[in-house]
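The values are calculated or read from the model by the stated rules, or taken from the named source; none is laboratory data. Since this is a predicted model, take the numbers as computed values, not measurements. Cβ sites come from the backbone with ideal geometry, for glycine too, and all protein chains shown count toward neighbours. Note: accessible area is taken over every heavy atom of the protein model, side chains too, but ligands, DNA and RNA are not part of it. Shrake-Rupley method; radii C 1.70, N 1.55, O 1.52, S 1.80 Å.
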Amino acid sequence: MLERTLAIIKPDGVKAKVVGEIIRRYEQDSLNPIAIRSTRLTKEQAEKFYYIHRERPFYGDLTSFMSSGPIVVLALEGENAILRHRDLMGATNPVEAAEGTLRKAFGASLDCNVVHGSDAPETALEEISFFFKDEDLTLFG
Ligand code: CMP
């Protein structure tokens, strides 16, 4: 099934200059970037984006980290994009991530885990519209 998913290259990935390498992996795996932008979240925007985690003990640190520097946000499109992107990212904790995954290659810790990806079709829709307007998503037809 042709799907779309949201990917975020987190502040640690931008700082480590692995944006190009990560986008190359997406293109190579036919997770086609149909929209890309760089931005920097305010603390409030990060809290809104991660609202689902508001009761978790890591919410404060996570939202501080995600607003600590620029990020690169991508809408990716491809067959089974949501699951395939999650496979390419690897486990949330880079220590547990499999060889060949982005988090194994570039992640340092639970917060500094380099990339975020949507986990289901409904969240993908919500997360894509958090960052992109409809007209941003039509360039590739
Ligand atoms: P992400 O896919 O962006 O979604 C929520 C983020 O919370 C997750 O990646 C991690 O970077 C971060 N996080 C920090 N601590 C934890 C934890 N104990 N369990 C899950 N996620 C955590």
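Where strands (runs of 3 or more DSSP E) fall entirely within segment 1-109, those with at least 3 residues that are open to solvent by 30 Å² or more (accessible area, probe 1.4 Å) and of a type outside the set (A, V, I, L, M, F, W, C) are at 32-39. Checked against (1) within 12 Å of the ligand (Cβ to nearest atom); (2) touching a Leu at 6+ places or on another chain (Cβ under 6 Å); (3) not β-branched (Val, Ile, Thr), residue 49 meets all criteria but (2).
Scanning segment 112-141 for residues that are among the polar types (S, T, N, Q) and either out of contact with any Lys or Arg (no Cβ under 7 Å at 6 or more places or on another chain) or part of a helix (DSSP H, G or I) (or both) yields 118, 123, 129, 138. I need every pair where a residue in segment 82-97 that is without any contact (Cβ under 8 Å) to a residue 24 or more places away in the chain has its Cβ under 6 Å from the Cβ of a residue that is part of a helix (DSSP H, G or I), sequence separation at least 6 or different chains. Pairs found: 90/103; 90/104; 94/103; 97/103; 97/104. Of the numbered criteria (1) touching a residue at least 60 places away in the same chain (Cβ under 8 Å); (2) within 16 Å of residue 11 (Cα to Cα), the one residue 127 fails is (2). Of all residue pairs spaced 6 or more apart or on separate chains, those with beta-carbon atoms under 7 Å, a first member in segment 62-79 that is under 12 Å from residue 9 (Cα atoms) and a second member that is small (Gly, Ala, Ser) and within 14 Å of the ligand (Cβ to nearest atom) are 66/46; 74/7.
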